[in-house]
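Structure first, commentary second.
Please treat every number below as a calculation from the coordinates, not as lab data. Model, not experiment: these values are computed from the prediction. Every residue, glycine among them, receives a Cβ derived from its backbone with ideal geometry; neighbour counts consider all protein chains shown.
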Amino acid sequence: MVAKVVIKGGNKLSGKVRIMGAKNSVLELVPATLLTDEKVVLKNVPVLKDVETIVELMKAFGTDVQWDKENCTLTLQTKEIISNKAPYEIVKTMRASIYVLGALLGRCGSARVSFPGGCVIGTRPIDIHVRAMKCLGASVETIHGYIVAKAPTVDGETRLIGDVMDLLVTEKSGHKITTHGGCVNAILAAVLAKGQTVIENASMEPELDDLISMLNLMGAKIKRDKYDDGTDVIIIDGVDKLHGCEYSVMPDRMEAMTYAIVGAMNGGVVEVQNIDTSKMEYFLEKFKEAGVVFDDKGDSLIVYGDKTKLKAVDVETLPYPGFPTDIQSPFMTLISVAEGKSTLCENVWENRFQCVQELQRMGANADIINPNTVCFTGVESLDPTDVIASELRGGMALVLAGLVAKPTGYTNIHRAYHIFRGYANFAENLRNLGAEISIEDE
Ligand code: EPU
């Protein structure tokens, strides 16, 4: 059964929202548990479709999984790898499945991972993931749609070998575009490799630090550093074995910023709790520039909503610490009702404007001026209508649009399953704030 989200907008929204663990952390922490035969207990795990998918994938390798959803605790133990194959049926539904490539290579010296396909927000190549594995001495080939990788065997020992690798993707308007996922895979592969690995032009995303923290707790030796010329590096000294641990997943920055935007647009006072605002600095700068009034308490954010005070702001997405690409679509909804002309430039993904057309259907005055730049001239309010979610963050942007739309009818967001991939209990959370929102079968 396909679900749609039905919203009657215009309600004043007030109250508290507790933010769950970060989806994008969980998706790397779970494969990391393949690196030990001992038990790993993950706390603060959100109940999300993407987490279900990665858990399903782990079972294919022989992982024993216990998921106590009520207590948000996921316990994983892989005493033995019974298969090194990540099957197409599971990998095709979620790109983060590619992380098992590095983890399997590290743990058992070989991996067969289905090649992930393209994706609606961009082509999402994995050339740099593959480059990282090769740099550690692995042979990598594509056979019948599977990436088949093997660690080298030296003096009878099959094990990856540490090396120096530069994982820079490209430079855009003077800024370095780094790869978060490429670094995750490189780290997972290098932790148990022989000798030292240095990742140059490493991603600075906080979720990567969550992975580093957990792996260090398990006995890994990983640290961040900087060259004299400012290049960010991650240094990994390979160890022979990792052990189990208990680890609490960091709060979801994207979920936190999304509810902050909800608070800013709907005339009430919303407190976003259980967060770390120090990881949201650039967003908060732009939030303030857009006329939003808030109190930053460090582990919570109190947002005082007043749509009439919102004003135009220009935003350019960049890897952390820049403005996060994952929040640009929800932010579009905010600038669509902010007075004046805002410009939003997307630098990370080549195709992340799908929701623009749907926002236009709701009355937003938007103009895509080139493939990565869109301008919004703020309108007073949006009109409820039928729209289609074509990906996770764009889908959530439409939910926010539905909340702020006139109460003259219903906003029906079709193909809402995309939103369930990344926002746990969002309808319930929004209802608790006073929204009229339901999820219906269609
Ligand atoms: N890239 C390459 N080659 C590679 C890898 C990446 O060219 O081998 C390019 C990508 O095409 C993109 C850029 O590098 O243009 C950055 O991609 P990155 O590897 O950093 O993205 P990712 O690791 O695949 C994660 C998040 C995304 C988020 C990006 C950027 C997870 C599971 N996904 O993706 O999250 O947008 O980092 O921060 O962590 C989302 O949650 O909605 C989402 C898409």
Flagged links, alpha-carbon separation over 20 Å, of K311/K341; K49/K297; K150/K226; K39/K59; K39/K134: K49/K297; K150/K226; K39/K134
Karplus-derived HN-Hα couplings along segment 329-335 (A = 6.51, B = -1.76, C = 1.60, θ = phi - 60°), whole Hz, x at Gly and Pro: 5, x, 5, 4, 4, 4, 6
Cα lying deepest toward the dipole's positive end in segment 321-423, options P407, F323, V337, charges on Cβ: P407
Net charge over other residues, Cβ less than 12 angstrom from the Cβ of V315 (K, R count +1; D, E count -1): -4
Rg in Å to one decimal, and Dmax rounded to a whole Å, for segment 234-370 via C-alpha atoms: 17.5, 59
Rounded to 5, the percent of DSSP beta bridges in the chain classed as antiparallel: 75
When the convex hull of its Cα atoms is projected in every direction, mean area for segment 40-132 (nm²): 6.4
Inverse mean reciprocal Cα-Cα distance (Kirkwood Rh) of segment 93-234, Å: 15.5
Tilt relative to the chain, helix 49-60 - C-alpha long axis, 0 to 90 degrees, to 10: 20
For T385, residues with placed amide H under 5 Å, excluding near neighbours: T411, N412
Amide H contacts under 5 Å for Y146, placed H, 5+ residues apart: F115
Over the chain: helical MRE at 222 nm, DSSP H runs n ≥ 4 each giving -39500 (n - 2.57), nearest 500: -8500 deg cm²/dmol
Cα gyration tensor shape of segment 89-175, rounded if a/c is under 1.5, else prolate or oblate by comparing a/b with b/c: oblate
Distance between segment 337-352 and segment 1-78 - C-alpha centres, whole angstrom: 30
Kirkwood hydrodynamic radius (C-alpha pairs) into Stokes-Einstein, segment 319-422, 25 °C and 0.890 mPa s, D in µm²/s: 181
Centroid-to-centroid separation of segment 139-170 and segment 83-134 [C-alpha atoms, Å]: 12
Summed residue charge, Cβ within 13 Å of L136's Cβ, Lys/Arg positive, Asp/Glu negative: +4
From phi via Karplus (6.51, -1.76, 1.60), per-residue ³J(HN,Hα) for segment 128-141 in Hz, x at Gly/Pro: 6, 4, 5, 4, 4, 5, 5, 4, 8, x, 6, 8, 9, 9
Karplus (6.51, -1.76, 1.60) ³J(HN,Hα), θ = phi - 60°, over segment 8-20, in Hz, Gly and Pro reported as x: 10, x, x, 6, 6, 10, 9, x, 10, 10, 9, 7, 8
Under 15 Å from the Cα of K241 - aspartates and glutamates, other chains or at least 8 residues apart: D37, E38, E80, E157
Column: log10 I(q)/I(0), Debye, Cα scatterers of the chain, q = 0.06, 0.08 Å⁻¹: -0.25, -0.45
Residue among A312, A401, A264 with the largest mean-square fluctuation in a Gaussian network model of the chain, springs linking Cα atoms under 10 Å: A312
Summed residue charge, Cβ within 14 Å of G15's Cβ, Lys/Arg positive, Asp/Glu negative: +2
